[in-house]
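Structure, as structure tokens:
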Amino acid sequence: MNKVRSFLDELGLSLEKTALPRDVKSPAPQELHFELTFNCNADCIMCNVASLKKNEPELDIDEIRGLLDDSRLLDNIKYVIFSGGEPWLKKDFVRLVCLVKEKYGDAQIHILSNLLDRDLAVKSIQGIKDACGLERISIGSSLDGINQAHDRMRGVKDGFIKLNKTITALKELFPGLNFSFNFTLSPANYDQLLPVFNWSAENNYHVSFQVVVQKKETEQLSWKADQLDAVDAQLDEMIRVMCEAVGVKNGIELLPNEGLLSRMLSLHYIGKYIRYPRRYFPNCVCGEKFAVVNPYGELYFCPVNKDMVFGNIKKGRFDELWGGREAGKVRDFLNRRTCSCWLTCAYGFMIGDALSAGKMKYVKERFSAE
């Protein structure tokens, strides 16, 4: 462990002690996630989407329009995310995007795709551009390795090549479109952290890193000691490169730059979480920030706890379900803080919340001791 990581460890331990627990309540959500379909053209080794399919109709555009028109809690939504499965495969996808875009004039719209089908991606984005424009639209994808490593994780021959061809085509045809990537670490791709970090830097893409959530329906993965050590070595190098890029020579110099500090803490805790998975910081925003609607109209808060459904928009109004008894039961579970993950949707807020509560106390104690 290098000096900066030693500092991150010291700071993190202090923040763990000073972060103030806060129960989730039921204010209006900030992000609306539509899992549009569980159909997919990939077979990712860590994904259980195939097992989630039901023998019943998916939500159609009229049902989604009804959800939006009937809700006042969603009036000021800040982000709308379209995912799947593979969202391009959803019937009326372009119309759905334009419906949301026109309904929520200030919301950012993020489309999560595996980007394996270049022609379908181009057709879909061109359709959105022609129908309602590409302002406030961005694309996200998974990148779980370079070359054949990505192919193994996606279960698709030449998956990395296909992803690159799709990105190249979209950038050429739609130069204002923004892309970002998310890397999910597991024992199956433990050696790909640094290659993905370097590739993203070379191609000027933002990439975030998270730890796989084991699902009972998928291949059971377990960590070996040499894999854990290899991950730590890659994290050391990634943090060294990030420090060098901004001229930081020791961890104390990170304190004024809270954005960079938060990102480095998120990487440092990957190494901790895969060795000792637990809830390191108390306040997860699931239960109040995210509303997730699956293809069949079921509502839930959290991608880790998809089985904790609190209603169905085919059978009830969103606003009533969001503040209802079943939602309250799920929030009670979340407030017990017995679940844990290290996913990008949760850890950013958890770290930011912990820094707000404890950074200045750490600084005072650190420098008064000197």
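The values are calculated or read from the model by the stated rules, or taken from the named source; none is laboratory data. Note that the structure is predicted; figures quoted are calculated from it, not measured. Glycine gets a Cβ as well: all are built from the backbone with ideal geometry, and neighbour counts include every protein chain shown. Ligands, DNA and RNA are stripped out before the accessible areas are found, and what is left, the full protein with its side chains, is counted by its heavy atoms. Shrake-Rupley method; radii C 1.70, N 1.55, O 1.52, S 1.80 Å.
Pairs only if they're at least six apart or on different chains, beta carbon under 9 angstrom, first in the stretch 182-208 and among the β-branched types (Val, Ile, Thr), second assigned to a helix (DSSP H, G or I); list them, first residue then second. Every condition considered, the pairs that remain are Thr184/Met153; Val196/Ala149; Val196/His150; Val207/Val196; Val207/Phe197; Val207/Trp199; Val207/Ser200; Val207/Ala201.
When the stretch 138-156 is filtered for residues that are open to solvent by 10 Å² or more (accessible area, probe 1.4 Å) and in contact with a His (Cβ under 8 Å, 6 or more places away or on another chain), only Ser138 remains. Scanning the stretch 211-262 for residues that are under 30 Å from Lys53 (Cα atoms) and polar (S, T, N, Q) turns up Gln214, Thr218, Gln220, Ser222.
Residues being touching a strand residue (DSSP E or B) at 6+ places or on another chain (Cβ under 8 Å), in a loop (DSSP other than H, G, I, E, B) and either farther than 17 Å from Asp191 by Cα or at pLDDT 95 or above (or both) are entirely absent from the stretch 243-258.
Regarding the stretch 74-96, can at least one residue be identified that is among the polar types (S, T, N, Q) and under 30 Å from Phe367 (Cα atoms)? Looking through the stretch 74-96, none of the residues is among the polar types (S, T, N, Q) and under 30 Å from Phe367 (Cα atoms).
Restricting the stretch 96-133 to residues that are among the β-branched types (Val, Ile, Thr) and over 23 Å from the mean Cα position of the chain (by Cα) leaves a set whose member that is nearest to Asn182 (Cα to Cα) is Val122. The set of residues in the stretch 301-352 being open to solvent by less than 40 Å² (accessible area, probe 1.4 Å), charged (D, E, K, R) and farther than 29 Å from Asp62 by Cα consists of Arg331 alone.
If only residues of the stretch 176-190 that are open to solvent by less than 70 Å² (accessible area, probe 1.4 Å) and outside any loop (DSSP other than H, G, I, E, B) are counted, the one that is farthest from Asp307 (Cα to Cα) is Phe179.
How many of the residues making up the stretch 214-232 are open to solvent by less than 60 Å² (accessible area, probe 1.4 Å), out of contact with any Asp or Glu (no Cβ under 7 Å at 6 or more places or on another chain) and under 30 Å from Asn257 (Cβ atoms)?
Total satisfying the criteria: 3.
Checked against (1) assigned to a loop (DSSP other than H, G, I, E, B); (2) more than 18 Å from Ala291 (Cα to Cα), Phe38 meets all criteria but (2). Within the set Tyr273, Tyr280, Tyr296, the sole residue that is assigned to a helix (DSSP H, G or I) and of a type outside the set (A, V, I, L, M) turns out to be Tyr273. Answer yes or no: is there a residue in the stretch 158-175 that is touching an Asp or Glu at 6+ places or on another chain (Cβ under 8 Å), aromatic (Phe, Trp, Tyr), crowded, with 16+ Cβ neighbours inside 10 Å and in contact (Cβ under 8 Å) with a residue 40 or more places away in the chain. No, the stretch 158-175 contains no residue that is touching an Asp or Glu at 6+ places or on another chain (Cβ under 8 Å), aromatic (Phe, Trp, Tyr), crowded, with 16+ Cβ neighbours inside 10 Å and in contact (Cβ under 8 Å) with a residue 40 or more places away in the chain.
Taking the stretch 330-370 as the range and being free of Cβ contacts under 8 Å to residues at least 60 places away in the same chain and β-branched (Val, Ile, Thr) as the test, the residues that pass are Val330, Thr338. Just so you know, in the stretch 45-55 the residues that are in a loop (DSSP other than H, G, I, E, B) and open to solvent by less than 80 Å² (accessible area, probe 1.4 Å) include one that is nearest to Thr184 (Cα to Cα), and it is Met46. Of all the listed residues (Leu32, Leu59, Leu68, Leu11), the sole one being modelled with pLDDT of 95 or more and more than 20 Å from Tyr296 (Cβ to Cβ) is Leu11. Counting residues in the stretch 242-265 that are under 28 Å from Glu35 (Cβ atoms) and over 18 Å from the mean Cα position of the chain (by Cα) gives zero. Please work out if Val248 is touching a Ser or Thr at 6+ places or on another chain (Cβ under 7 Å) and hydrophobic (A, V, I, L, M, F, W, C). For Val248, the condition - touching a Ser or Thr at 6+ places or on another chain (Cβ under 7 Å) and hydrophobic (A, V, I, L, M, F, W, C) - is not met.
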